[in-house]
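Reading through the structure tokens given below for one structure.
The values are calculated or read from the model by the stated rules, or taken from the named source; none is laboratory data. Just so you know, these numbers come straight off a predicted model, no measurement behind them. As a convention, Cβ positions derive from the backbone with ideal geometry for all residues, glycine included, and neighbour counts pool all protein chains shown. Please note that ligands, DNA and RNA were not included when accessible areas were found on the heavy atoms of the full protein model with its side chains. Shrake-Rupley method; radii C 1.70, N 1.55, O 1.52, S 1.80 Å.
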Amino acid sequence: MIQLFCSDFDGTLAQRGRVLPENAKAIRHLIETGTAFSLVTGRPFGNARKLMGAQNIQGHIIASNGAVVMQDGTTLLSARCIPHDALQEIIAYAHEKKWFYVAYTLDESIVPVTLPRALFYAVGRLVQHKTGMRIVRERDVAPDGWRITKLNLYPRGIPVQDVFAQWADDSRLYVTVSSQNKIEISAAGVSKWAGIQTLAEALGISASQIATIGDYDNDVPMLEKASLSFAIGDGQPAAKAAAREVVAPVAENGVAEAVYRVMALNEQHAGETR
């Protein structure tokens, strides 16, 4: 019986950042039946919390590719940060190459912007209203105080996979991709599945009681390890190969399809144990 359903956001629950109404409705229905839900996303916690609230979904949040685990969206179970020495090396390299990056704390986005302070904060207020994340200029933060749960690096003039290969073997880091224009860097040991395990332990739920759904490379660990897993029909080949089942494309409400399959299995199990 499935007691925890975990869904990726971009390309899975949402299409181009917009949550499809049928998917949100299905998740709310699932929660009403007593099955827990967790959003599991590469997005930072502050943004994930805003997205959940906008859909009136009461659930858990695993953010920054598993670095941040927040039970019920309020109780912090884990926040694993990139080692400071590795972070400084990556940022120095980004400056050398003139690449843009965004470094995330729980509710702040630190960026290398040289705009005048007044103009930057005027723009930042609009961004914060939209995303739930406070935007901070790199120059306004003491690097020794940074607690970065994930860093998005946007290479220019070089294939993303080449940059991925450059950092992938660093024992201090976990490196993955979720789009064709950036790599996502976290601390070693971080993954979406590791975050799910932390949450499941707190909830008293075993791996055999977990279902997951995703669409991209950074979803592979949670698709491989869960007892029941689904890949979105138009997801990446690696995700579809890792999942137990493939459902409809994101535009055709693949999450809702997976949710209703889980609910049917749970109902069948309940009938068999009566």
query = Between [x] 28, 25, 15; [y] 41, 28, 14; [z] 33, 19, 17, which matches semi-axes √(5λ) of the Cα gyration tensor in Å calculated for the structure shown?
reply = [z]
note = Taking alpha-carbon centroids only, region 127-168 lies from region 218-245 a number of Å equal to 26
Length released on extending from H95 to Y260, taking residue separation times 0.36 nm less the Cα-Cα span = 54.6 nm
remark   = Cross-link reach from K97 to lysines, straight Cα distance under 21 Å and at least 8 residues apart if same chain, gives K150, K182
ask   = Excluding ligands, DNA and RNA, what is the solvent-accessible area per residue of the chain at a probe of 1.4 Å, expressed in Å²?
value = 45
query = Where does the chain land at 222 nm, in deg cm²/dmol rounded to the nearest 500, when only DSSP H runs of n ≥ 4 count, each adding -39500 (n - 2.57), divided by all residues?
reply = -11500 deg cm²/dmol
inquiry  = With angles folded into 0 to 90 degrees, how steeply does helix 117-131 sit against the dominant principal axis of the chain? Use alpha carbons for both and round to 10.
reply    = 10
task = Could you list the residues of region 126-150 with an amide nitrogen less than 12 Å from a label point located 7 Å from the Cα of A79 in the Cα-to-C-beta direction?
result = 146-150
ask   = Say we join alpha carbon atoms closer than 10 Å with springs in a Gaussian network model of the chain; which of F37, F45, F164 then has the biggest fluctuation?
value = F164
remark   = Expected unfolding gain across S179-R134 under the 0.36 nm per residue rule, minus the alpha-carbon gap, is 13.9 nm
request  = Specify the angular offset, from 0 to 90 degrees and rounded to the nearest 10, of the alpha carbon long axis of helix 21-32 from the longest principal axis of the alpha carbons in the chain.
outcome  = 60
